[in-house]
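The values are calculated or read from the model by the stated rules, or taken from the named source; none is laboratory data. On a predicted model such as this, the values are computed, not experimentally measured, just so you know. Note: ideal-geometry Cβ built from the backbone for every residue, glycine included; neighbour counts use all protein chains shown. Remember, those area values only see protein heavy atoms, side chains included, never the ligands or the DNA or RNA. Shrake-Rupley method; radii C 1.70, N 1.55, O 1.52, S 1.80 Å.
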Amino acid sequence: MKIAALIIVLLSKSVEGQLKWERLDRGIGDAPSPRRDMGFGYDAVRDRLVLFGGKPGPLQDTWIYEFSTGKWRMVTVSSRPPARFSMVSGVSGDFFYIATGEGKNKEFFSDIWRFDLRLEVWEEIPTQSRPDFYSQVEWQARNTTWIGPEPRYGAAGGIYANGGEQLYVALGFSTVRYHNTYSYDTRQLRWHLEYCRDCNSYNPSYPHARCLHAGTMIDKDEMVIFGGCLGGGGSGGPCPAGDSWLFNGKSKYWKRLPDCASPRMYGVMANLPSAVNRRRVVLYGGLDKSDQVIRTNEIKDDQVAVYDPDSNSWSVRKTLPFNSSIPVPSWRASVGMATGKNGIYMFGGINKMTKNPMNDLWVLRGDVTDADKSEQLECTKYFMNYITVHGILMAIGWGFFLQWGAFIARYLKCKNPIWFYLHVTFQIFGLCCAIAGLVMGILSVPFGHVKFVHSIVGIVVMILGVLQPINALIRPHKTQPDESKTFRRRLWECVHHFGGRAGLILALVNISLGVFLAVTDQLIWSLWFGYLCAIVLVYILAESIRGLIGRSRNCKGEKGADTGL
């Protein structure tokens, strides 16, 4: 008996100081209906949770969970925001804020509402109304330069709970995906454009347009985002994505963070309670698979990703059940999460396996110290999607075989006709790779295939590429040295040579655009642009030599062989 008791004590000690899931409410009886994509926050002053809206619906009900009673209650209000889901929300002081979102019949919002946690009433914040500290003349002058975010849903941001005055809205989607980031000053009642008035998806210095990404405020003017969906809506890119970014509102600067967690969309982030001035952010949930994904590390129910702002690093941690008789929550997406006194509260979401919405309430107990003591797991190693395959095939086809096949035809003509057979072989194999890459590219974009530069240029390049072998099949015979070229031969050479060169140059440009669009690692950028520089240098050298020895003499001064080309 003493040995058994000792074992129990040792086991209990071994799991102390780790992140643990505890179920607080099963969602039975008087509770919010099962839902996802709701507004959610924690009222630290009154120690309670507040919830608004979500879907299916969309919904527009308001609920409060009282920890003193352990029960939910619906708030009856005379005025409330329009029904919506996928909004930006958060609590600061005595107010619960919501902004943006999608409503009925694809209606998108850019309004802001706040719920007074003392009086339990909703109020739409009049973004163009005059605050008391402005005169009528001053306010009219300021309104002439008023700006604000386009109506959208699937944005990230929120307001910092500990004294935050700026509500951030970053990226998102309506009919197109947005790059920009705005903040709303809750004192001055004004929007401010924080970043990116004229951004594009080919600049690696900031996050590309996306929606359905996770994000949270980690300080008054600092925000971190992760993943989301970049493809479709006038842009291309991975869907789901696995890149993460840190935004500093003071310096107006985005910084990309190291990769670790599995790519996902519909994930949610929240801060753990701080300890000894240290901070940690938990990334939980999300959908890691889509029609674009070929292979990925499946995320387990007991896994969370933890971001350390102090070292700008990610890790994957294992969580435990608080009560051994109740397992950790089933993996889900689009949950509500909010930082509390003893951990992070999590509500509802959609079950990953059944796709059914839920309404249970959990708490991930622990703080910064507990997160660091939790078992650390490996970062994601295996992820493959159609974009990756598309890029590899296009780099092999247009970047290697078609490029060097054309190089052989221009600079390595000899009496020995082997150059011609190498040229044809390289072109056939390269074009086959390019066609396969085109199929992968089509599969990688959810919708709106021909609405961004990379796809438009890619279609032009493929048309030029496919026309080349067709043009070669109908080529006129090459004239003898003592014969003048026919008009048909001249026309064919013009189309074949200049069409091919245009395709090759545009292909190199488009592959370079694709490297940025796919949000690849810096190593991939370095390898590709190093190779691109090598191609340019080789062409310059070959063209210089060709000019010196004469256009009709190659391969140690021998005249080009008559192959009919």
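Residue check: residue 218 meets all listed conditions (1) assigned to a strand (DSSP E or B); (2) hydrophobic (A, V, I, L, M, F, W, C); (3) touching a Ser or Thr at 6+ places or on another chain (Cβ under 6 Å) but one, namely (3). Only a single criterion out of (1) surrounded by 24 or more Cβ atoms within 10 Å (Cβ to Cβ); (2) at pLDDT 95 or above; (3) not acidic (Asp, Glu) is not satisfied by residue 239, namely (2).
Scan the range 312-336 for residues that are open to solvent by less than 20 Å² (accessible area, probe 1.4 Å) and not charged (D, E, K, R) and the total you get is 9.
Restricting the first member to the range 365-380 and to residues that are more than 12 Å from residue 306 (Cα to Cα), and the second to residues that are open to solvent by 50 Å² or more (accessible area, probe 1.4 Å) and assigned to a loop (DSSP other than H, G, I, E, B), the beta-carbon pairs closer than 7 Å and six or more apart or on different chains are 365/322; 365/342. Is the range 246-268 home to any residue that is of a type in the set (Asp, Glu), in contact (Cβ under 8 Å) with a residue 40 or more places away in the chain and not in a loop (DSSP other than H, G, I, E, B)? No; the residues of the range 246-268 include none that is of a type in the set (Asp, Glu), in contact (Cβ under 8 Å) with a residue 40 or more places away in the chain and not in a loop (DSSP other than H, G, I, E, B). I'd like the full set of residues that are open to solvent by less than 10 Å² (accessible area, probe 1.4 Å) and among the β-branched types (Val, Ile, Thr), limited to the range 157-189. Answer for the range 157-189, where residues must be open to solvent by less than 10 Å² (accessible area, probe 1.4 Å) and among the β-branched types (Val, Ile, Thr): 169, 181.
The sole residue among 474, 540 that is β-branched (Val, Ile, Thr), more than 41 Å from the chain's Cα centre (by Cα) and open to solvent by 80 Å² or more (accessible area, probe 1.4 Å) is 474. Restricting attention to the range 163-187, the residues that are of a type outside the set (A, V, I, L, M, F, W, C), within 24 Å of the chain's Cα centre (by Cα) and part of a loop (DSSP other than H, G, I, E, B) total 2. Of all the listed residues (17, 29), the sole one being open to solvent by 60 Å² or more (accessible area, probe 1.4 Å), over 26 Å from residue 183 (Cβ atoms), at pLDDT below 95 and outside any strand (DSSP E or B) is 29.
The residues on offer are 255, 220, and the sole one that is surrounded by fewer than 24 Cβ atoms within 10 Å (Cβ to Cβ), closer than 24 Å to residue 524 by Cβ, charged (D, E, K, R) and touching a strand residue (DSSP E or B) at 6+ places or on another chain (Cβ under 9 Å) is 255.
One line per residue, one yes/no per condition, for (1) of a type in the set (A, V, I, L, M); (2) in contact with a Leu (Cβ under 9 Å, 6 or more places away or on another chain):
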{"residue": "324", "(1), (2)": "no, no"}
{"residue": "327", "(1), (2)": "no, no"}
{"residue": "334", "(1), (2)": "no, yes"}
{"residue": "341", "(1), (2)": "no, no"}
{"residue": "347", "(1), (2)": "no, yes"}
{"residue": "353", "(1), (2)": "yes, no"}
{"residue": "358", "(1), (2)": "yes, no"}
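Restricting the first member to the range 535-548 and to residues that are under 18 Å from residue 400 (Cα atoms) and of a type outside the set (Phe, Trp, Tyr), and the second to residues that are open to solvent by less than 70 Å² (accessible area, probe 1.4 Å) and at pLDDT 90 or above, the beta-carbon pairs closer than 8 Å and six or more apart or on different chains are 535/403; 535/508; 538/407; 542/407.
Which ones in the range 192-214 are closer than 17 Å to residue 258 by Cα and either open to solvent by 20 Å² or more (accessible area, probe 1.4 Å) or touching a Pro at 6+ places or on another chain (Cβ under 6 Å) (or both)? Once the filter is applied, which keeps residues that are closer than 17 Å to residue 258 by Cα and either open to solvent by 20 Å² or more (accessible area, probe 1.4 Å) or touching a Pro at 6+ places or on another chain (Cβ under 6 Å) (or both), the range 192-214 yields 204, 205. In summary, residue 54 fulfils each of the numbered conditions (1) touching a Gly at 6+ places or on another chain (Cβ under 9 Å); (2) touching a residue at least 60 places away in the same chain (Cβ under 8 Å); (3) under 21 Å from residue 343 (Cα atoms) with the single exception of condition (3). The residues of the range 373-427 that are among the charged types (D, E, K, R), in a loop (DSSP other than H, G, I, E, B) and at pLDDT below 90, listed by number, are 381, 413, 415.
In the range 224-236, the qualifying residues are those that are outside any strand (DSSP E or B) and open to solvent by less than 10 Å² (accessible area, probe 1.4 Å), and the one that is modelled with the lowest pLDDT is 233. With respect to (1) in a helix (DSSP H, G or I); (2) at pLDDT 80 or above; (3) within 43 Å of the chain's Cα centre (by Cα), the lone exception for residue 545 is condition (3). Total residues in the range 258-267 satisfying the condition of being open to solvent by 20 Å² or more (accessible area, probe 1.4 Å) and more than 13 Å from the chain's Cα centre (by Cα): the figure is 1. Quick one: would you say residue 457 is open to solvent by less than 50 Å² (accessible area, probe 1.4 Å) and not in a loop (DSSP other than H, G, I, E, B)? Yes, satisfied. Can we say residue 63 is touching a residue at least 12 places away in the same chain (Cβ under 8 Å), part of a strand (DSSP E or B), hydrophobic (A, V, I, L, M, F, W, C) and farther than 14 Å from residue 43 by Cβ? No.
For residue 93, indicate whether it is at pLDDT below 95 and farther than 18 Å from residue 172 by Cβ. So residue 93 fits the description; yes. With respect to the conditions (1) open to solvent by 50 Å² or more (accessible area, probe 1.4 Å); (2) closer than 24 Å to residue 446 by Cα; (3) out of contact with any Pro (no Cβ under 8 Å at 6 or more places or on another chain); (4) in a loop (DSSP other than H, G, I, E, B), residue 299 falls short on a single one, namely (1).
Do you know which residues across the range 110-134 are open to solvent by 50 Å² or more (accessible area, probe 1.4 Å) and either under 12 Å from residue 191 (Cα atoms) or at pLDDT below 65 (or both)? Those that are open to solvent by 50 Å² or more (accessible area, probe 1.4 Å) and either under 12 Å from residue 191 (Cα atoms) or at pLDDT below 65 (or both): 126, 128, 130, 132, 133.
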